[in-house]
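Data first, discussion second: the structure below is written as structure tokens.
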Amino acid sequence: METESARTEAEGEQATPTQGLSKRAQKRAAKAARLHELKLERRAREKEARKRKQQERARAVANGECDVNVTRKRRKTGAVGGGSPFNARLVIDLGFDELMTDKEINSLTSQLAYTYSANRHASHAFSSLLFTSVNGRTKQRLDAMNDAGYRRWSNTEWWEDSYEHIWTRSLSPARPPSREPTSAPTNSTPETTADADDLRRSVIYFTADSENEILELKEGETYVIGGICDHNRYKNLCLNKANTSKIRHAHLPIGRYISLSTRKVLTVNQVVEILLKWVETRDWEKAFWTVIPKRKFQGVERVDPEDDGSTTNEVEDGNEPGGNAHSDLEGA
Ligand code: SAH
């Protein structure tokens, strides 16, 4: 049987030598090689995780801790990862279609597929995965990928509306039901402005640009991730959006544990994988070291979490008036 390393070597032999190429072509070849390396790194991580999970499951079945039928039931519900779901909603805000190049949209849609897969295979998946503002080229690309495979993703919701519809939906005119994958909201619907306010307070927008830091995830809350791939072009984009929506915002506590040389902006699926790892282990450090590519760690040090020299605010409970995040919003 052909092994992964054998394949890689064979591919390596076929690769065009870069000598004699123009500078630009050499650069392009180096980039392709880098991307290939990253892909292998990611595949190896995924393979390792699959192997670990299979071993855990086999051990649990052998010890009588888990029934083989449970696996079948999970297949039906779409969750294959194991334990009980984490009862919080994850939202991917796709409202940035016009700000991306076609290439970036392709990257983003791949990240969405990784996101879905990560949640589906997580030991404690987010109970709800919602994609909002599904429009434009992003939707076209999703429709074209794998025969619109995303329409068959289990336990996902797709809205044409923005995430603000979470709290404004009953306050806006009803829309006719649609066969499109932009299904109408099914969860609780706010009936009064006070309900809408409560719902809004349960939402946190993640952005590296926030001065607030999230220290724990809580069941019952809704976490929004910006569905954009912009190679760091747009600073404060999601922060400004969160402020306009008057919702809380926060960055992940990466700097507490790892001193990175580059800015700590991650991709959508990396953020989701970190959140899922935290839910599983309740340990941010473990989550970061598992998910963030090792090449980002070159020349970095672990930070002693006790020695907190940071000047960031901690995100406080959305229901407590005067929490840091809310005092920011009141001025917004
Ligand atoms: N310029 C974009 C960056 C997109 S990165 C912006 O304004 O946010 C894709 C998304 O991943 C972000 O929108 C954010 O939701 C999430 N993300 C990336 N790095 C993060 C970090 N360090 N902390 C919190 N969220 C992060």
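No value in this document is a laboratory result; all are computed from the given coordinates. Here the structure is a predicted model, which means the values were calculated and not measured. Cβ sites come from the backbone with ideal geometry, for glycine too, and all protein chains shown count toward neighbours.
Figures for the structure shown
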| item | result |
| --- | --- |
| Point-to-point label distance, Lys39-His231, nm (Cα→Cβ direction, 7 Å offset) | 1.9 nm |
| J(HN,Hα) series, segment 117-126, from Karplus relation 6.51 cos²θ - 1.76 cosθ + 1.60, nearest Hz, glycine and proline x | 4, 4, 5, 5, 9, 5, 5, 10, 6, 5 |
| Lys/Arg +1, Asp/Glu -1 at C-beta; segment 18-66 dipole; positive extreme among Gln19, Ala44, Ala62 | Gln19 |
| Placed amide H near Asn212: partners under 5 Å, 5+ positions off or other chain | His251, Asn313 |
| Full-extension gain in nm, Arg151 to Thr244, via 0.36 nm per residue minus C-alpha separation | 30.4 nm |
| Cβ-Cβ FRET estimate between Ala30 and Leu99, R0 fixed at 25 Å, reported to 0.05 | 0.35 |
| Rounded, prolate or oblate (a/c below 1.5 giving rounded, otherwise prolate when a/b exceeds b/c) for segment 18-66 by Cα gyration tensor | prolate |
| 5 angstrom amide H check on Val203, placed H, neighbours 5+ away | Thr222, Arg248 |
| Gln140 paired with Ser110, simple spin-label distance in nm, labels 7 Å along Cα-to-beta-carbon | 2.0 nm |
